[in-house]
């Protein structure tokens with residue numbers, strides 16, 4: 001906990017996992033690029049496949065960002081709801097007369 005009483009965020013992944021994901025992505029993209037480069041097909045076919053791979057790659061990044069943003073927004077809503085509940089419980093006095 002920090003001096004203000006708030007918890008410091010815990011990283012979801014380690015640096016090693018992050019590096020493994022980056023290397024895996026780079027190797028996969030390089031393998032597809034080399035495969036397209038050496039494909040025994042006309043240049044326009046290889047160009048089409050290269051554009052398709054780039055499109056799928058950018059779409060995957062966009063989808064991952066949208067999923068992350070949705071999860072973060074749900075986390076914020078859950079935190080607000082939890083704070084409201086904690087405030088209600090803190091203010092509740094079961095021994096007070098219901099007059």
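Each value in this text was obtained by applying a stated rule to the coordinates, not by laboratory testing. What you see is a predicted model, and the numbers here were worked out from it, not measured in a lab. Backbone-built Cβ (ideal geometry, glycine too); neighbour counts: all protein chains shown.
Summary of values
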quantity: First in the stretch 19-32 and within 16 Å of residue 56 (Cα to Cα), second anywhere and part of a helix (DSSP H, G or I), Cβ under 7 Å, 6 or more apart; calculated: 29/57; 32/53
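Let's see how each residue does on (1) exposed (fewer than 10 other Cβ atoms within 10 Å of the Cβ); (2) over 24 Å from the mean Cα position of the chain (by Cα):
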| residue | (1), (2) |
| --- | --- |
| 19 | no, no |
| 25 | no, no |
| 43 | yes, yes |
| 51 | no, yes |
| 59 | no, no |
| 66 | no, no |
| 87 | no, yes |
| 96 | yes, yes |
